[in-house]
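Quick note: the coordinates plus some simple rules give every number you see, no bench work behind them. Note that the structure is predicted; figures quoted are calculated from it, not measured. Ideal geometry is used to build each Cβ from the backbone, glycine not excepted, and the neighbour counts take in all protein chains shown.
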């Protein structure tokens, strides 16, 4: 199995038509100030406006404002819609921050303190592998000074890290919310200015991945929420960015070490648990999941790679990096089944979460496995318990070696 994303060529569509034509689903000739369709029908012709919201102010840089004009965006309508889904379906709209904490033309003392924490502490606890950590420490801050969304993103993650170390600090919680909101607001605005091969493209690649760490530790807004579903949506957005450029170009760029999906070659084939194979074998032909059988089987093969890696490499970075990047292999069809909370899909995700639980050194995912496994078991009920024995037993212990033995039995 390849360790790189498979790119596709982007297509371009015009999105500069007026709101009236879009609402009526007719082609707009974009005539100004009133298009032909609205002029002939005496309709109000309103073109979309793009207002800039508040930003964290950073030193001026051409990369922040440069890029393609809106009509020349490399994203088509479908891609923009899906990227919007990535940041809007699971991320609430940002509201302006209180006047309590702001930056006025340069980095504030709070910004500088968090940037120092990022470069000395946090950058070593976000990803797996020395090469990825070096990229986060050395390359990311440089890109961040050129792209506000990435700067606010890494400051938000650093703030989350300090919030973890000082859980009673309400000021730090407010600060995290501000950085997170600014990062996403800036990122949404930047989507139509992303040009493959540029530094802002590399910054966008990083941001689409770092969103996972920026939002995973959040207290759930819904007690039945599954964080792992957020991961699948975020990874679909990341895939779109990879599809904008060729894989060799991406893997030759300055951020390539952060996107490695394996450290060693896997010399044994996938090992799929028999209980999950049986779960698919007993599926009735009239079951709605039967049409998705091919996608379920592919995901099981991908999951089998984690079992094979554990068997070959044991607990360590070689396994951990495969676990963290595993969701990037998931296709859209299976991701949609998981979002719909189809039992078989979220059972497979529960088994994946057991692997997440054995990872050491990444604070931002520590509470996710037990919380999500508990919600999956609660939502499915007794009918599906026979397929959830391993996740259930894993959720009852914190001993990683014991969990590894449970996975390999």
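A Förster radius of 41 Å combined with the Cβ-Cβ distance from residue 332 to residue 120 puts the calculated FRET efficiency at roughly 0.60.
Full extension from residue 401 to residue 164: what is 0.36 nm times the residue separation minus their Cα-Cα distance, to one decimal in nm?
Values: separation 237, 0.36 × 237 = 85.32 nm, distance 2.53 nm.
Extra length from residue 401 to residue 164 when fully extended: 82.8 nm.
Inter-label distance, residue 379 to residue 277: 2.8 nm, where each label sits 7 Å from its Cα along the C-beta direction. When 322, 409 are arranged by Cβ crowding within 10 Å, least crowded first, meaning fewest neighbours, the order is 409, 322.
The mean of 1/r over all pairs of different alpha-carbon atoms in the range 274-408, once inverted, gives a Kirkwood hydrodynamic radius of 15.3 Å.
How much length is gained on full extension from residue 254 to residue 131, taking 0.36 nm per residue of separation minus their Cα-Cα distance?
Numbers: separation 123, 0.36 × 123 = 44.28 nm, distance 1.09 nm.
Separation in residues times 0.36 nm, less the Cα-Cα distance, equals 43.2 nm.
With each label point set 7 Å from Cα along the Cα-Cβ vector, what nm distance links residue 171 and residue 389? Label at residue 171, label at residue 389, 5.4 nm between them. Each of residue 370 and residue 46 was given a label point 7 Å from its Cα along the Cα-to-Cβ line. The distance between the two points is 5.0 nm.
Computing FRET efficiency as 1/(1 + (r/R0)^6) for residue 267 and residue 108, where r is the C-beta to C-beta distance and R0 is 51 Å, gives about 0.50.
Quote the FRET efficiency, to the nearest 0.05, computed for residue 27 versus residue 293 with a Förster distance R0 of 45 Å and r equal to the Cβ-Cβ distance.
Taking R0 as 45 Å, the efficiency between residue 27 and residue 293 is 0.65.
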